[in-house]
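To keep things clear, I will list the structure first and then write my remarks on it.
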Amino acid sequence: MATHHTLHPWDMSPAEAVALQQELRELIQIQPLTQPATTIAGCDISFNKFEETVYAGIVVLRLDTLETIEEVGVVSTATFPYVPGLLTFREGPALLAAWEQLKIEPDVVMFDGHGIAHPRRMGIAAHMGLWLHRPTFGCGKSVLAGRFEEPAPTRGSWEPMIHRSATVGAALRTKDKVNPVFISPGYLIDLPGALDLTLRCHGGYRLPEPTRRAHLLVNALRREHLAPS
DNA sequence: GCGACAG
DNA sequence: ATCTTGTCGC
């Protein structure tokens, strides 16, 4: 099964988490993929409002056929609250637990959230890349940091996301006339590479298949947990 | 000081 | 994120 080494503890205050992100940002490497990817994983979390139980899931698919080749789900407990900019501290631990259950080691990982399109360049995709030692990028449904111009209405059109004079991601139209998604590299991949993979994962919906299937998986896991059959 | 603020 | 049905537009 997939493994990872301990990078840092998770039990800390929001202020300490911010300080840790400032240290970790120095480790981020944005560069073209060094190996062509064959498999891609999508990660997501689901939970009931006001409850601490979280359902984390990862779906692995082949990039050429978009066929699902593995999926794992775990039930865990979140201790950290949701704080904009500190999402990793709430969802990261559960996702790592799910990762440990994988038999396949995905070539690249897509997250529901941002990579370096973050106030401190340490969105969940960037942060998890450091833990997984693997190319990662984020596909968010809304913006956390940065500004952008509206991309043309046709699928494939995109406009850069600018934050403090730097291009940190892109607003990408994954389907004609639907709101764009926000793609940003996290680790060991660059923006062109992340955009290419996202478009290759099109299954007819606004959200790319890895993240979309992971979302369906964790919601199913949560509901069967409430109503066991 | 005020507004913004991934999931 | 989650709670939820129908409905307007392409």
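Any read-out appearing in this document is the output of simple, stated calculations on the displayed coordinates, not a laboratory observation. Predicted model, so just to flag it, every value in this text is computed and none were measured. For neighbour counting, all protein chains shown are included, and Cβ atoms are generated from backbone atoms with ideal geometry for every residue, glycine included.
Below is a table of values for the structure above.
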| read-out | value |
| --- | --- |
| Size of electric dipole in region A:38-226: Cβ of Lys, Arg +1 and of Asp, Glu -1, about Cα centre, debye, nearest 20 | 480 |
| Summed residue charge, Cβ within 15 Å of A:Pro192's Cβ, Lys/Arg positive, Asp/Glu negative | -2 |
| Whole-Hz couplings from phi, Karplus 6.51/-1.76/1.60, listed for region A:137-153; x for Gly and Pro | 7, x, 10, x, 9, 8, 8, 10, 9, x, 10, 7, 9, 5, x, 4, x |
| Per-residue ³J(HN,Hα) for region A:46-53, Karplus 6.51 cos²θ - 1.76 cosθ + 1.60, θ = phi - 60°, Hz, x for Gly and Pro | 9, 6, 8, 4, 6, 10, 8, 6 |
| Rg to Rh quotient for region A:38-226, alpha carbon positions, Kirkwood Rh | 0.95 |
| Built amide H within the under 5 Å cut-off of A:Gly169, gap 5+ | A:Met161 |
| Under 15 Å, Cβ to Cβ, from A:Leu24 - net charge with Lys/Arg +1 and Asp/Glu -1 | 0 |
| Low-density loop positions, chymotrypsin sites (Phe, Trp or Tyr not before Pro), region A:46-143 - DSSP coil, at most 10 other Cβ in 10 Å | A:Phe50 |
| Farthest toward positive dipole pole in chain A [+1 Lys/Arg, -1 Asp/Glu at C-beta], among A:Val74, A:Cys139, A:Leu172 | A:Leu172 |
| Cα convex hull of region A:151-213, projected area averaged across orientations, nm² | 4.3 |
| Sparse-neighbour loop sites [trypsin sites (Lys or Arg not before Pro); region A:53-139; at most 13 other C-beta within 10 Å; DSSP] | A:Lys103 |
| A:Glu51-A:His5 FRET efficiency (beta carbon distance; Förster radius 41 Å; 0.05 resolution) | 0.85 |
